[in-house]
Amino acid sequence: MDIEIIRNPNPAEKPADEGKLGFGRVFTDHMFVMDWNKGTGWHDAKIVPFGNLSLHPASTVLHYGSEIFEGLKAYRQANGKIVLFRPQENIARINRSAIRMGLPELDPDFALEALKKLVALDADWVPHGEGTSLYIRPFMFGDDEHLGVHGSRHVRYVVILSPSGSYYAAGINPVDIMIEDADVRAVRGGTGEAKCGGNYGASVRAGERAEERGYAQVLWLDGVERKYIEEVGSMNIMFKINGKICTPALNGSILPGITRKSILELLRSQGIEAEERKISLDELTAAAENGTLDEAWGCGTAAVVSPVGRLAIGEKIYTINGGKIGPVTQKLYDELTGIQWGKRDDPFGWIVPVV
Ligand SMILES: *Cc1c(COP(=O)(O)O)cnc(C)c1O
């Protein structure tokens, strides 16, 4: 399939102050769009000027939430090259999410080609400053124009790009998180391991309650027994307990993060043991009580690695590593961002140049 390119006749001014970019508020000149129909499959792949989408008021996504998305970044490396980090993993994951949500899969090679073409066309939008990046948001939604509930017969796939500021403009500050014991994010057999919009919609309430109490994010427990640690709002979670690194095993309700996977591969390549297993709240509480909770960090594309400074369990508040970033957290941050920014070798072949 060819990709038709319709250039934006009125390109926007690039933001003059990269320090004020923030996250997800500024968009580039172009977007990728493609349609799918039952029977004909994917067709009409185009790069078009960035602009509003037009939706029928009965469109499936507006009523039944048939939506999945991805998040990855393009980096401008020191040598000027623009690169992506493991984009094949994002494409494989959107296809797994698609299967769960009854949406059609993408051709992985074509989807990668489309990502590269779009980023290459808007390459001038990739910011230059330390820690900045071009955030890439692919998404897919059901767009049938009637209200019956059934598998989608018309679907759209869109990719938009947003230059984003440094997540750690003010330095790597540890975040405070709290155990959420009322709402749950996901259950096995539900949509927890799919990256779908509805998971986020349903988690907003807990996030806002946490914010009111002064916490950046919630730490979710499993939806069945509410005994085991699952993940943070938009990040997976890892701990160093009594000298050993561990993270909750993927169990069907945890989102399989690409940063999580990369950290596990990185550690194991260095001969460092990293356990994927059930981690109970009781175990975590005991470790926090007896001083063996050495470090805790979240991991995801946006922050890469985000140290946890304080952890609230019920009424008790535990400070981890004196509220400062720990040595393992710092090392993982340096190694992963080093590969992404081209400051370190990439022995894994994770970096994919855009052109
Ligand atoms: C996207 C996401 C993550 C992190 O995944 P990465 O691929 O590392 O960015 C973790 N948890 C949830 C719920 C997510 O949506």
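Numbers at a glance
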read-out: Gain in span if fully extended, Lys20 to His154, counting 0.36 nm per residue against the direct Cα distance; value: 44.4 nm
read-out: For q = 0.10, 0.11 Å⁻¹, Debye-computed log10 I/I(0) when each Cα of the chain counts as one equal scatterer; value: -0.65, -0.78
read-out: Under 12 Å, Cβ to Cβ, from Thr191 - net charge with Lys/Arg +1 and Asp/Glu -1; value: +3
read-out: Zone of Asp124's modelled label, taken as backbone nitrogen in segment 73-107 under 14 Å from a point 7 Å along Cα→Cβ; value: none
read-out: Restraint check, Lys240/Lys261; Lys14/Lys195; Lys227/Lys278; Lys73/Lys244, Cα-Cα greater than 19 Å; value: Lys14/Lys195; Lys73/Lys244
read-out: Where a label projected 7 Å from the Cα of Thr292 along Cα→Cβ would reach, residues of segment 215-254 with amide N under 16 Å; value: 239-247
read-out: Cα-based equivalent ellipsoid, segment 211-297: semi-axes from gyration tensor eigenvalues, Å; value: 20, 17, 13
read-out: Three-way shape call for segment 100-218 based on the alpha-carbon gyration tensor, with the a/c threshold at 1.5; value: oblate
read-out: Theoretical ellipticity at 222 nm over the chain - DSSP helices of four or more residues, -39500 (n - 2.57) apiece, nearest 500; value: -7000 deg cm²/dmol
read-out: Using θ = phi - 60° and Karplus 6.51 cos²θ - 1.76 cosθ + 1.60, couplings along segment 263-274 (whole Hz; Gly, Pro as x); value: 5, 4, 5, 4, 4, 5, 5, 9, x, 9, 6, 9
read-out: Cβ-Cβ FRET estimate between Arg213 and Val48, R0 fixed at 45 Å, reported to 0.05; value: 0.55
read-out: Calculated from backbone phi, Karplus (6.51, -1.76, 1.60) coupling profile of segment 292-304 in Hz, x at Gly/Pro; value: 9, 7, 6, 8, 8, 8, x, 9, x, 4, 4, 9, 6
read-out: J(HN,Hα) series, segment 171-180, from Karplus relation 6.51 cos²θ - 1.76 cosθ + 1.60, nearest Hz, glycine and proline x; value: x, 6, 9, x, 9, 9, 10, 10, 5, 8
read-out: FRET E, pair Tyr168, Ile317, Förster distance 22 Å, beta-carbon r, rounded to 0.05; value: 0.40
read-out: Loop-located trypsin sites (Lys or Arg not before Pro) in segment 135-189 whose Cβ has at most 13 other Cβ within 10 Å (DSSP); value: Arg188
read-out: Potential extension, His56-Arg268 segment - 0.36 nm per residue separation minus Cα distance; value: 71.4 nm
read-out: Kirkwood Rh, angstrom, segment 51-122 [1 / mean 1/r, Cα pairs]; value: 14.3 Å
read-out: Projected-area mean, segment 4-164, by convex hull of Cα positions, square nanometres; value: 9.9 nm²
read-out: For segment 74-218, accessible area per residue (1.4 Å probe, heavy atoms of protein chains only), Å²; value: 43 Å²
read-out: Percent accessible area from carbon and sulfur atoms, the chain, protein chains only, probe 1.4 Å; value: 51 percent
read-out: Candidates per trypsin sites (Lys or Arg not before Pro) in segment 203-257, loop by DSSP, up to 11 other Cβ within 10 Å; value: Arg213
read-out: Cα-based shape type of segment 176-251, given that a ≥ b ≥ c are square roots of the gyration tensor eigenvalues and the cut on a/c is 1.5; value: oblate
read-out: Ranked by how many other beta carbons lie within 10 Å on average, peptides 303-310, 21-28, 332-339 from highest; value: 303-310, 332-339, 21-28
read-out: Extended-chain gain in nm, criterion 0.36 nm per residue less alpha-carbon gap, Arg226 and Ala182; value: 14.9 nm
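The values are calculated or read from the model by the stated rules, or taken from the named source; none is laboratory data. Bear in mind the structure is a predicted one, so any value in this text is a computation, not a measurement. Cβ coordinates were reconstructed from backbone atoms using ideal geometry, including for glycine residues, and neighbour counts include every protein chain displayed. The area values use the complete protein model at the heavy-atom level, side chains included, leaving out ligands, DNA and RNA. Shrake-Rupley method; radii C 1.70, N 1.55, O 1.52, S 1.80 Å.
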